[in-house]
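The block underneath contains the structure these notes are about, expressed in structure tokens.
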Amino acid sequence: MEELRNYNRREVLRLLGAGALAIGAGNIYGFGLQGRNTQTKISILHTNDWHSRIDPFPENDPKFPSMGGAARRASLIKALRKESEHVLLLDAGDIIQGTPYFNYYHGEPEIKLMNLMGYDAATMGNHDFDNGMEALARLMKLADFPFVNCNYELKGTPLEKLVRKSVVFKRGKVKIGITGVGINLKGFIPDEHHAGLVYLDPIVKANEEALYLKREKQCSMVICLSHLGYTYPDSKVSDRVLAAETENIDLILGGHTHTFLEKPDILSNKLGKQVVVNQVGWAGLRLGQLNCIFSSQSNMKSEEKVQIEVFKKSIAI
Amino acid sequence: MVFISCRQQQLASVEPLKSSEISGKELTDDQAAEALIVPYRKPLQEIMQQVLCYSGSPATKELPESSLGNLICDLLRVEGKKMSSLHVDVAFMNQGGLRIEWPKGAITRSMVLEIMPFENRLQLIAVDSSQFKSLLEQIAKRGGAPISGVRMEINQNNQLQSWSGTSIAPKSDGLIYLLTSDYLVNGGDSYTIGYQKLLWTGPKVRDGIEQAIVAVNAAGDILKPAKDGRITKLQSP
């Protein structure tokens, strides 16, 4: 077992060199396809911190000229759906705040666009609370997709009945559990905008929820949408800290720190199993993609991913 | 990743990811999404595309100081005086609070809103010298921040090495008048800013920025964002 795992780590490194990334302790692509072994491929697409960036950046923007744009992203997602039988489209929070669209329309077009693109689930970032919880509740009611979070106690708040601790999706024969975690809003958001919301330890709650999804719900994979941030200079809880302290989470799709990871991190969890952490910057500039292959023998194993930059006129990888 | 049945499996082959080959050149705007956006975009365009001022060069964001941070804080320090009719010794913003960069050329109302989209208001507070030094130490610890009216040196360990005010006026109360946002005064972005008194609460920060650049334009001038060495990071101890 240990030997096999080491071998696979080398395989992963080789892949990184080849410009694609495979992650997995079992086989990667094309393994053990003899006979009865049927496979399901699920393409996980994800965004974070798009911050109301509905239009592309201006042509003369110093950093992102003509890049991004929701209509282009919708087009890309449509194209990727044609390639994959099974897709999950997810967002890790800070959907709103950042352009005049939000100041004038308070998040309505953002949510309608996410409905149109077919988002399956999202978690809340701190800026999603910028107009308060009543306003956020209105947006959640407009959404065709669920919001998930397991470390905010929401009893007695406008969000109480609108946020689920987790959701389970079935794609083919595979069940995937999705939960979410958020940062402590104190200091980020005026107190009156999160009154009654109790922040709980994201590591403890995410572990509890992931165990429930694996044990009770029989999920083959657990994804945690996180708005904790990728990493910090101190020991503050982040996606990297969470990854190391969890037992049943397979993917952490992050946000908050606007981190452009060139490739996902492959970290070890508390039990020495691999956890994948990814984050795709901000502003809808990139769409993350992780392809997960599940086999009847192994339930799940390998992945690869790409991040696709969404330009106004072109999409480069 | 999940070791449920590793023992049964053997690595056979690995293929590169095919979906990475999708070329964006074939992708255009999704028409349904565009149709959804248009009714929201149209009413905004006239207001938001209005040119308020011109900039002679791009204003970008970096540490320890940046052309963007210097520009915005310099503008706010000058405009804050006019708006409050009080002296403004120092203007300060947090690095994360400036959300986009500005290009060379036309600066539109949309760009002003996007640089500071939040509803935060300007506040002028009076701080004593130890409170001010504490703020500078916090700025040093983060490797810098947008500020105007002060020069400072940060050592390799992100500690405040030295500082001097460049426009601090002597006052009868002996305090330093610091212009910032209510968000930061109230502990936002994990800053702890102690102060003696709240002197003034003004308009939204972005409205202050807008007034300032409109004034620059009205005076027949353009913006000249630049770094000037106001915050330096010492390379040797």
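Filtered by the rule that a residue be at the interface with chain B (Cβ under 9 Å from one of its Cβ atoms), surrounded by fewer than 23 Cβ atoms within 10 Å (Cβ to Cβ) and in a strand (DSSP E or B), segment A:239-273 gives a lone residue, A:Ile266. Residues in segment A:115-127: is at least one within 19 Å of A:Gly156 (Cβ to Cβ) and within 13 Å of chain B (Cβ to nearest Cβ)? Within segment A:115-127, none of the residues are within 19 Å of A:Gly156 (Cβ to Cβ) and within 13 Å of chain B (Cβ to nearest Cβ). Take the conditions (1) modelled with pLDDT of 50 or more; (2) open to solvent by 60 Å² or more (accessible area, probe 1.4 Å); A:Ala74 misses just one of them, which is (2).
Counting residues that are within 14 Å of another protein chain (Cβ to nearest Cβ), which strands (runs of 3 or more DSSP E) fully inside segment A:164-226 reach at least 3?
Those strands (runs of 3 or more DSSP E) span A:174-181, A:221-226.
Taking the listed residues B:Gly144, B:Gly188, B:Gly174, B:Gly208, the one that is modelled with pLDDT under 95 and open to solvent by less than 10 Å² (accessible area, probe 1.4 Å) is B:Gly188, with no other qualifying.
Among the residues of segment B:168-197, the one identified as assigned to a strand (DSSP E or B) and within 14 Å of chain A (Cβ to nearest Cβ) is B:Ser181. Within segment A:157-175, the presence of a residue that is at positive phi, open to solvent by less than 20 Å² (accessible area, probe 1.4 Å) and modelled with pLDDT of 95 or more is excluded. Which condition does A:Gly69 not pass, out of (1) open to solvent by less than 10 Å² (accessible area, probe 1.4 Å); (2) touching a helix residue (DSSP H, G or I) at 6+ places or on another chain (Cβ under 7 Å), if it passes all the others? Of (1) open to solvent by less than 10 Å² (accessible area, probe 1.4 Å); (2) touching a helix residue (DSSP H, G or I) at 6+ places or on another chain (Cβ under 7 Å), only one is false for A:Gly69: (2).
For A:Ala25, the criteria (1) modelled with pLDDT of 90 or more; (2) assigned to a loop (DSSP other than H, G, I, E, B); (3) under 25 Å from A:Val174 (Cβ atoms) hold in every case but one, which is (1). Would you mind stating whether A:Asp61 is more than 19 Å from the chain's Cα centre (by Cα) and open to solvent by less than 20 Å² (accessible area, probe 1.4 Å)? Spelling it out, A:Asp61 is indeed more than 19 Å from the chain's Cα centre (by Cα) and open to solvent by less than 20 Å² (accessible area, probe 1.4 Å). Cβ separations smaller than 6 Å between residues 6+ apart or across chains give the following pairs from segment A:202-223 residues that are surrounded by fewer than 18 Cβ atoms within 10 Å (Cβ to Cβ) to residues that are among the polar types (S, T, N, Q): A:Leu211/A:Asn248.
So which helices (runs of 4 or more DSSP H) are wholly in segment B:61-167 and hold at least 1 residues that are of a type in the set (Ser, Thr, Tyr) and away from every other protein chain (no Cβ under 14 Å)? Of the helices (runs of 4 or more DSSP H) lying wholly inside segment B:61-167, those with at least 1 residues that are of a type in the set (Ser, Thr, Tyr) and away from every other protein chain (no Cβ under 14 Å) span B:67-84, B:129-141.
Inside segment A:88-99, can you point out the residues that are within 11 Å of chain B (Cβ to nearest Cβ) and either out of contact with any Pro (no Cβ under 8 Å at 6 or more places or on another chain) or in a strand (DSSP E or B) (or both)? Across segment A:88-99, the qualifying residue is only A:Ile96.
The values are calculated or read from the model by the stated rules, or taken from the named source; none is laboratory data. These numbers come from a predicted model, not from an experiment. Reconstructed Cβ throughout: ideal geometry from the backbone, glycine too, with neighbour counts over all protein chains shown. Ligands, DNA and RNA are stripped out before the accessible areas are found, and what is left, the full protein with its side chains, is counted by its heavy atoms. Shrake-Rupley method; radii C 1.70, N 1.55, O 1.52, S 1.80 Å.
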